[in-house]
Each structure stands twice: as C-alpha cells, then as structure tokens.
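Some notes on the structure that comes next.
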Amino acid sequence: MSNFIHLRVRSAYALLESSIHVHKIRDLCVKNQMPAVGISDPNLFGALEFSETMANSGIQPIIGTTLNLSFNLNSNNNNTLITPVSLLSSNESGY
C-alpha cells in the first residue's frame, strides 16, 4: 500500500478544471496502491458516482469541495483577496 493519499483530486465534474473521469481516477489509485483518495471539485455533481466507484474497488472515498473565500483587506473594500479553500468530509455528518 502507498503511504500517499491525494486529497485534492479534480474530476471531470469540475467543469473547466479537469477532464479526468472517475473511473480513470480509480484505475490510477489501484495502479499506485492508494488506500483512499479525495475529490475536491467546486461542486458535488460527481460525489455519488465517485463514492460508489471507489468503494466498489476497495478504495476509501473522501468527499470534499473547494470554495472561494473573499476577504476584504482594508475598510475601503478596495483590496479584496480571493482564495480557494478545500473542505473535506470528516464523517457521515458532513464537513
């Protein structure tokens, strides 16, 4: 088993960010003996397919999403920082 678990994979459901299909992610995990993998698409469109595909292959699916957070750096709102933050599920209750 590999010690590496990728937690920020983007699937084809992450429109304009990736073109890798869930089944190809599974194949790469199997090939590299990864016990788990996490997706962090900016939407949850592929979460069900991802979970079922990984679980059926003996790979622990980790569901996540990436949100863009906006911070105002001064009181005039002229200087805004937008940064992506990945959120991962820690259990069945959610993020």
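Side notes on the structure shown:
- Once region 13-30 is narrowed to residues that are among the charged types (D, E, K, R) and modelled with pLDDT of 95 or more, the residue that is surrounded by the most Cβ atoms within 10 Å (Cβ to Cβ) is Arg26.
- Arg10 being among the basic types (Lys, Arg), surrounded by 13 or more Cβ atoms within 10 Å (Cβ to Cβ) and under 19 Å from Pro84 (Cβ atoms): yes
- Sole exception among (1) at pLDDT 95 or above; (2) within 20 Å of Asn91 (Cβ to Cβ) for Gly64, by number: (1)
- Test: Val85 is more than 15 Å from the chain's Cα centre (by Cα), within 18 Å of His6 (Cβ to Cβ) and either modelled with pLDDT of 95 or more or of a type in the set (Val, Ile, Thr) (or both): no
- Among the conditions (1) closer than 14 Å to Tyr13 by Cβ; (2) out of contact with any His (no Cβ under 9 Å at 6 or more places or on another chain), Asn32 misses just one, which is (1).
The values are calculated or read from the model by the stated rules, or taken from the named source; none is laboratory data. No experiment lies behind these values; they were computed from the predicted model shown. As a convention, Cβ positions derive from the backbone with ideal geometry for all residues, glycine included, and neighbour counts pool all protein chains shown.
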